[in-house]
């Protein structure tokens, strides 16, 4: 309730304590954070996917086990960064740095791109990411996985390279 007695929703869109705005993250490092996060998330998500129908479960497994290894998805990551930041590919390529918040929103956009590719069968993961933002305190475990991915990205010395010449397939 504010000073004049109006009830105000004071919960932020995301829990700022979970996203460090002080870090400067390259586009490549952000890509790796996204991939690490999905790979770390997979073991806790797999049992929940078993409750989905067979087709949706299979598509989610393909996303986690094949797409999220990082090969042939550079164009999708570059597009996701653009959708989250409005920074064009040419500027991204020049060494543009992201905040952790921008990396998370790019990860969300990356998932949205693949949700369309897989004909809206990744809705479980998409809902999870959006819920992490809107109800962050209910997703402490998932945020700890995010933090693990971010921390790991600062410990390694080389990343999965982005193919800056990669282009989106015509249907994306």
Using Cα springs under 10 Å in a Gaussian network model of the chain, which residue among 60, 111, 127 shows the largest mean-square fluctuation? 127
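Under the rule of -39500 (n - 2.57) per DSSP H run of 4 or more residues, summed and divided by the residues of the chain, what mean residue ellipticity at 222 nm is obtained, to the nearest 500 deg cm²/dmol? Show your work: numbers first, answer last.
Working: 7 runs with 98 residues, N = 172.
Helix contribution divided over all residues of the chain: -18500 deg cm²/dmol.
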If you line up the Cα atoms of the chain on their principal axes, what length do they span on each, largest first, in Å? 56, 43, 33
Arrange the following residues from fewest to most other Cβ atoms within 10 Å of their Cβ: 156, 25, 33. 156, 25, 33
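Order of 121, 86 from fewest to most other C-beta atoms within 10 Å? Don't jump to the answer; show the numbers that get you there.
Values: 121 20, 86 8.
Going from least to most buried by this count: 86, 121.
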Within a 10 angstrom radius of the beta carbon, how do 77, 42 rank from fewest other beta carbons to most? 42, 77
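Any read-out appearing in this document is the output of simple, stated calculations on the displayed coordinates, not a laboratory observation. From a predicted model like this one, the values you see are computed outputs, not experimental measurements. All Cβ positions, even for glycine, are placed from backbone atoms using ideal geometry, and neighbour counts span all protein chains on display.
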